[in-house]
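One structure is given here, and the rest of the page talks about it.
Where a number appears in this text, it was derived from the coordinates with a stated rule and is not lab data. The structure displayed is predicted, hence computed values, not measured ones. Virtual Cβ from ideal backbone geometry, glycine too; neighbours counted across all protein chains shown.
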Amino acid sequence: MRAQAAIGLLAALAGCQPGRDDTPPAPAESGVTASPSPAATASHRKSGAGKAVLDAEGIAFAATAGKTGSIRFGTNRAIVDEAAARGLGREGARTALGECGAGAMEFTAYGALTLNYLDGKLVGWRAEEGAPAVTTDGIRPGALLRDLMVARSVRMIEDSTLEGEFDYLAADGQTIGGFVLGLGRDARIASLHAGTNCFFR
């Protein structure tokens, strides 16, 4: 119950905290792929599976990967929103929040996938369960945490003020953050994020 409340608070976007930036599709039953090859990743992007391909430094859109390539944090919002609309097949819903610690931020949401902007530049993303997205190493929100722990190095953030916060080391050596919902073997990845995000802390 406490974990569900914490996840609900995340959606409120009440405070802002930079995400850790120290900085091929997964099997349907688990949402986790251990180590995709470059060829598998390229095939994944061409197929349109997941539609948005996420990593710790930005985003790519499977349907337009050959045209736009990977979009890094720091890219102008107009470029990102245009590529996202093409890649995801729809316009996003724009919102803003002026109380973030990093400064006034703006967001474009495509269902459960949110792109974050600061001073007109892409600075982060957040993907919740049901998002039209997958990470470059095949991780999706909704996957069982135990499956991710088998495939990747996962660290629960014990001193976090938000329950269920964790991060993991992706296949490319970068760190991606997330939140887990539930306990034990049934614990699921509620969301993933990278870059600068607004969370209630």
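Among LYS121, LYS51, a tally of other beta-carbon atoms within 10 Å of each Cβ gives an order, fewest to most, of LYS121, LYS51. The protection proxy used here, the mean number of other Cβ atoms lying within 10 Å of each residue, ranks peptides 144-151, 91-98, 52-59 as follows, highest first: 52-59, 144-151, 91-98. Consider a paramagnetic label point 7 Å from the Cα of ALA78 along Cα→Cβ; state which residues of the range 101-128 have an amide N under 16 Å from it. The answer is 119-122.
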